[in-house]
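Presented below is the structure to which this report refers.
The values are calculated or read from the model by the stated rules, or taken from the named source; none is laboratory data. A quick note: this is a predicted structure, and the numbers were derived from the prediction, not measured. Cβ: placed from backbone, ideal geometry, glycine included. Neighbour counts: every protein chain shown. Side chains included, ligands, DNA and RNA excluded: accessible areas come from the protein's heavy atoms. Shrake-Rupley method; radii C 1.70, N 1.55, O 1.52, S 1.80 Å.
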Amino acid sequence: QVQLVESGGGLVQPGGSLRLSCAASGIIFSLNAMGWYRQAPGMQRELVARITSGGSTYYGDSVKGRFTISRDNAKNTVYLQMNGLKPEETAVYYCNVWPMRGSFWGQGTQVTVSS
């Protein structure tokens with residue numbers, strides 16, 4: 001049974017930073033590309049960043065230069081460092097493999113950017 005457990009969200013002021021973590025179990029983590037996704041109210045879920053098993057990264061245009069995705073295969077964990085957060089980035093953030101598998105979604109972690 002696959003479990004992806006996100007943590008690290010919270011309330012942050014515009015321009016602030018957060019570091020999200022996602023602990024994975026039930027998959028051979030080191031062999032999987034992983035992604036961070038987000039879903040804002042009333043919007044479709046979108047890919048924010050992804051990282052291959054070899055460590056190559058991809059970022060959505062809106063987060064380039066501000067967000068950093070990384071992974072620790074020894075801990076079966078993927079991270080998302082988010083700097084310079086904007087109010088429009090308020091959303092529930094999820095991790096999943098890439099390409100995503102519908103049955104793998106976890107609960108996500110809420111990120112609220114507000115003054």
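Quick notes
- Residue list for the stretch 17-75, restricted to those being more than 12 Å from the chain's Cα centre (by Cα), assigned to a loop (DSSP other than H, G, I, E, B) and either closer than 13 Å to Tyr93 by Cα or of a type in the set (Asp, Glu) (or both): Ala40, Pro41, Met43, Gln44, Asp61
- Tally, over the stretch 1-13, of residues that are polar (S, T, N, Q) and either open to solvent by less than 50 Å² (accessible area, probe 1.4 Å) or closer than 14 Å to Gly102 by Cα (or both): 2
- Val92 assigned to a strand (DSSP E or B), touching a Lys or Arg at 6+ places or on another chain (Cβ under 8 Å) and farther than 16 Å from Ser17 by Cα: no
- Test: residue in the stretch 95-113 that is of a type in the set (Phe, Trp, Tyr), in contact (Cβ under 8 Å) with a residue 40 or more places away in the chain, part of a strand (DSSP E or B) and within 11 Å of Trp36 (Cα to Cα): no
- Test set (1) in contact (Cβ under 8 Å) with a residue 60 or more places away in the chain; (2) open to solvent by 70 Å² or more (accessible area, probe 1.4 Å) - Gly16 fails condition number: (2)
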